2 protein chains.
Amino acid sequence: MPVIPVNQLTQISTTAFQKAGVPTEDARLITDLLIKANLAGHDSHGVIRIPSYISGVRNNSIRPHPKIQTCDETPTSARMDGDGGFGQVVLTKGVEIALEKCNQTPISLVTVMNYSHCGQLGSYARMISEQDRVGIVLLGKQKGAVVPWGGRTGRLYQNTLAIAVPSNKPFPVVLDMATSVAPFGKILMKRARNEPCPDGWLIDAEGNPTTDPHVDFSKGEAGFLPLGGLTAGGQKGSGLTFMLGILATTLSGVGASGEGTLIISINPDYFTPIEAFKAEVDGFIDYLHATPSAEGFEEVLVPGERSHRETQRQLKEGIFVEEETWQRIQELGTESL
Amino acid sequence: MPVIPVNQLTQISTTAFQKAGVPTEDARLITDLLIKANLAGHDSHGVIRIPSYISGVRNNSIRPHPKIQTCDETPTSARMDGDGGFGQVVLTKGVEIALEKCNQTPISLVTVMNYSHCGQLGSYARMISEQDRVGIVLLGKQKGAVVPWGGRTGRLYQNTLAIAVPSNKPFPVVLDMATSVAPFGKILMKRARNEPCPDGWLIDAEGNPTTDPHVDFSKGEAGFLPLGGLTAGGQKGSGLTFMLGILATTLSGVGASGEGTLIISINPDYFTPIEAFKAEVDGFIDYLHATPSAEGFEEVLVPGERSHRETQRQLKEGIFVEEETWQRIQELGTESL
């Protein structure tokens, strides 16, 4: 099975997007963010998406030259309409605006609507923390396949929260979590591999626990459980999912059937000198690292650390890409239109 | 066992604080917030605290006449030092400042340090949503008895997140959650009643699951599990706990061993008309209410709804207060100093 060096994968993927009519700079941005997901070990958000992204351009569901609009702007906020552009392009623009405002104000909020799949949400929080700001990014919808507490069918969306903070550590300190026990991507991977899901991820159309990844979420029956599941605080996971769904959809203006993102940037310098902030974070990480590990674990890691190690490994060894995906990307990168 | 009408409990509790030297207005505020917790069914954060609060005043660990300082102020932010005052008094002041700023800016952030126990965090988020703003309040420490993912001893604090949004519904829409499976107060209640905790709340000093509420958290051994526990996404609960702990302590300036609170107020009017915002929230609630219920549940509720029903019931029927607590409050409210 193919293991592709990062450079080669970057080059051919960028070319594939360019051939589909995506501007060079955007083609590179989208490629880089997809490859970052692969590097971090989150293959479901990586280059496997390229064929469907390019189909999206071809069938006009993604606009390669969007007219991104910023409205209702204040010194601390903006509301963005991505005009159906790539999620990576639109959200990166949103991050830039949030960061720019956050130079002059301790906290800024940019809300975003009307964009395509954006990949790993943590990437955008990291763009903020890399500029010595605290990044909080929240993506949500009102409707999806997550079972609310006390219910027996999927209703809520697997709303996702990413938080990143600056530190002096050699890895990014970033949390990137869907508010369901398992992210939808993992269920799709189990489905693709025809493997059962672990207990506690899913319920079937009768509301009973199941491990079958092939249950059909599409009719509003069956569903996956919120963080905490049935026995470990699921009422909180459900409540959190509900609240994040409200915030993401109302403030971005997408309404009940759309997806919205909120980007919050906080400038620590308004509260404490940035070096003191980072030293605090470093100390907290050291304290957590010193936790005696549980059986089956070698050590306690902080959010972002495992992905960073995986990234370092794959940067050296190359990225594993499924045969079919690699074939398809090569075709898209070489075929004449 | 005594069931006390709200008026009577309010009067005698207020008097108890006044006799301890707390200014009348503050005595009433503290009392009202404690009683709200009882009304909502969260007795561990209610009037049971009055004797220890008053002891705090007497032994000078709580200052009844604090000089609350606001520093590093900008049009969108402030950092507050509560000078050791009552949590209720200091955080209410923080909310007032966040709200005032949020009239002129879409988002404001007030960080708070140096205050005593503040009761239910959701109360402060509600004060914000009652003014047609979105309230996000976060309380945290770096060190506590919550077991990080992969660890076998308590390390993290049960950091708490409260989010409230305005709506037209007759109940407050408010999430108030500690980031552990069970809040510490519930473990204390099990301890007091000598009842076993449910599976999945606790581990013992050897890192094994236990149901014994009497395990000793004080030595950094034993601990309670983060939201998601061992099988339902605990790595997310652990990561969320860690991140909230960083934000609360760094931006408030309390450092590694203190407790800090962040108060964020968002003015929806900068993004969407408030009536449209509320209509969206109402619609989302209706959609969730229509979820078919699971076995053992009569209906699906949204965050804040159950507490509201309990409040309505106890407002009519009176508040149940343990014999010993009621005796002690009566003494404190009547004895001469």
- HN-Hα J couplings of the range A:195-203 from phi, Karplus 6.51/-1.76/1.60, θ = phi - 60°, integer Hz, Gly and Pro as x? 9, x, 7, x, 3, x, 8, 10, 10
- Ellipticity estimate at 222 nm from DSSP helix runs (n ≥ 4, -39,500 (n - 2.57)) divided over the protein assembly as shown, nearest 500: -12500 deg cm²/dmol
- Query: All other residues with a Cβ under 13 Å from the Cβ of A:ARG309 taken together, and with Lys, Arg as +1 and Asp, Glu as -1, what is their net charge?
  - Reply: -1
- How high is the FRET efficiency between A:ASP282 and B:VAL3 when r is their beta carbon distance and R₀ equals 51 Å, given to the nearest 0.05? 0.45
- Task: List the DSSP H helices in chain B whose Cα atoms stretch 15 Å or more along the helix axis and whose mean Kyte-Doolittle hydropathy is at least -1.0.
- Result: B:6-19, B:24-39, B:87-101, B:234-252, B:274-289
- Query: So what's the gap between the Cα centers of the range A:188-258 and the range A:270-293, to the nearest angstrom?
  - Reply: 34
- Message: If the reach is capped at under 12 angstrom between alpha carbons, list the aspartates and glutamates near B:LYS219, excluding any in the same chain fewer than eight residues apart.
- Response: B:ASP204
- Task: Would you tell me the accessible area of A:GLU96, worked out with a 1.4 angstrom probe on the heavy atoms of the protein chains, in Å² to the nearest 10?
- Result: 100
- Test item: A:285-293 mean partner chain Cβ contacts at 10 Å: 5
- Message: About the Cα centre, and with charges only on the beta carbon of Lys, Arg (+1) and Asp, Glu (-1), how big is the dipole of the range A:185-289? Nearest 20 debye, please.
- Response: 240
- Task: List every residue whose amide H lies under 5 Å from the amide H of A:SER77, counting only residues 5 or more places away in sequence or on a different chain, with H placed 1.01 Å from N in the peptide plane.
- Result: A:LEU109
- Note on the structure: So for R0 = 60 Å, FRET eff. of B:SER257-A:THR70 from the Cβ-Cβ r, to 0.05, ends up at 0.90
- Note on the structure: Given backbone amide H placed at 1.01 Å from N, residues whose amide H is under 5 Å from that of B:ASP83, ignoring those fewer than 5 places away on the same chain, are B:GLN69
- Task: Answer with one residue from A:CYS197, B:ILE128, A:ILE12: the one whose Cα lies farthest towards the positive end of the charge dipole of the protein assembly as shown, charges on Cβ with Lys, Arg +1 and Asp, Glu -1.
- Result: B:ILE128
- Message: With the cut-off at 1.5 for a/c, could you classify chain A from its C-alpha gyration tensor as rounded, prolate or oblate?
- Response: rounded
- Eligible lysines near B:LYS169 by straight Cα distance, threshold 16 Å, same-chain separation 8 or greater: B:LYS278
- Note on the structure: From the Cα centre of the range B:25-58 to that of the range A:103-166, the distance in Å is 36
- Item | Proportion of all alpha-carbon pairs of the protein assembly as shown beyond 42 Å (%) | 24
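Treat every Asp and Glu Cβ in chain A as -1 and every Lys and Arg Cβ as +1, leave all other atoms uncharged, and give the resulting dipole magnitude about the Cα centre to the nearest 20 debye.
So the magnitude is around 660 debye.
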- Output ordering of A:294-302, B:141-149, B:26-34, A:5-13 (per-residue mean of other Cβ within 10 Å, highest first) is B:141-149, B:26-34, A:5-13, A:294-302
- Message: Let's see if you can work this out: charge +1 on each Lys and Arg Cβ, -1 on each Asp and Glu Cβ, no other charges. What is the dipole magnitude of the protein assembly as shown about its Cα centre, in debye to the nearest 20?
- Response: 340
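The values are calculated or read from the model by the stated rules, or taken from the named source; none is laboratory data. The model shown is predicted, which means the values in this text are computed figures rather than measured ones. Ideal geometry is used to build each Cβ from the backbone, glycine not excepted, and the neighbour counts take in all protein chains shown. The area values use the complete protein model at the heavy-atom level, side chains included, leaving out ligands, DNA and RNA. Shrake-Rupley method; radii C 1.70, N 1.55, O 1.52, S 1.80 Å.
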